[in-house]
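Each reported figure results from applying straightforward, stated rules to the coordinates on display, with no laboratory input. Computed from a predicted model, the values in this text were never measured in an experiment. All Cβ positions, glycine included, derive from the backbone under ideal geometry; neighbour counts span all protein chains shown.
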């Protein structure tokens, strides 16, 4: 009966050893990088999906930055409109005082104070700027904010034009008579209403920005979870994989050494028979 060489089992042992070595190397790499997919070969379809998700996540980060800038602009405008509202309230108080003041000299003093307030409004308007551009004098009427990650996801902000003329207070007369001063009250009520309406619109834009911020953050979180599920390695699982691969390496190495020794013993035995 012919004797079959033990060496016929060596290829399978070597293949098992090489597989265990490859598995150990892959587990080590995943543990060290924290990534499940370190090259396209690891998951060709997964890495393509991950690339798309990564681009979307980065785009959402930029969209959030755009919204922050838009909010800062709106808050700047709102602060100025708030200051102008306070001035208009003071102007109305002057008008009420002048309407009940019989002394023309005192009414003239009220008019002087009123004119100073008009200058203050003009100063606030000229100093309300964003990135070097005036945003209340009509020179910048609209600003578009890219609030999302696609071309049509923008928010157009219509900026108010503010001046003594637009508020209807350029012809206010507190000094001529109590009647002209009394008529000024209605003009100032209209100006206050106009200013309040402008602030209301700015407030609605701020609310819209807040809604977009929340939606973007929620979507970015979900995309990040999807990206992580594709790319991030499970450290516990990979540690277990590494341990298993190392055990297989050790076992295959021992089996290969044993096979080699058995081959040597077989050769010696055959030589003695001859």
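List of remarks:
- Expressed per residue, the C-alpha convex hull volume of the stretch 40-99 stands at 53 Å³.
- Shape descriptor for the stretch 44-231: Rg over Rh equals 1.24 (Cα atoms; Rh from the Kirkwood inverse mean 1/r).
- Here each label is just a point 7 Å from Cα along the line to Cβ, and for residue 214 and residue 93 those points are 3.8 nm apart.
- Between residue 126 and residue 156, the FRET efficiency estimated from the beta carbon spacing at R0 = 30 angstrom works out to 0.80.
- Projected label distance in nm at residue 183 and residue 61, using a 7 Å step from Cα toward the beta-carbon: 6.3
- Least to most buried among 130, 215 (fewest other Cβ within 10 Å first): 215, 130
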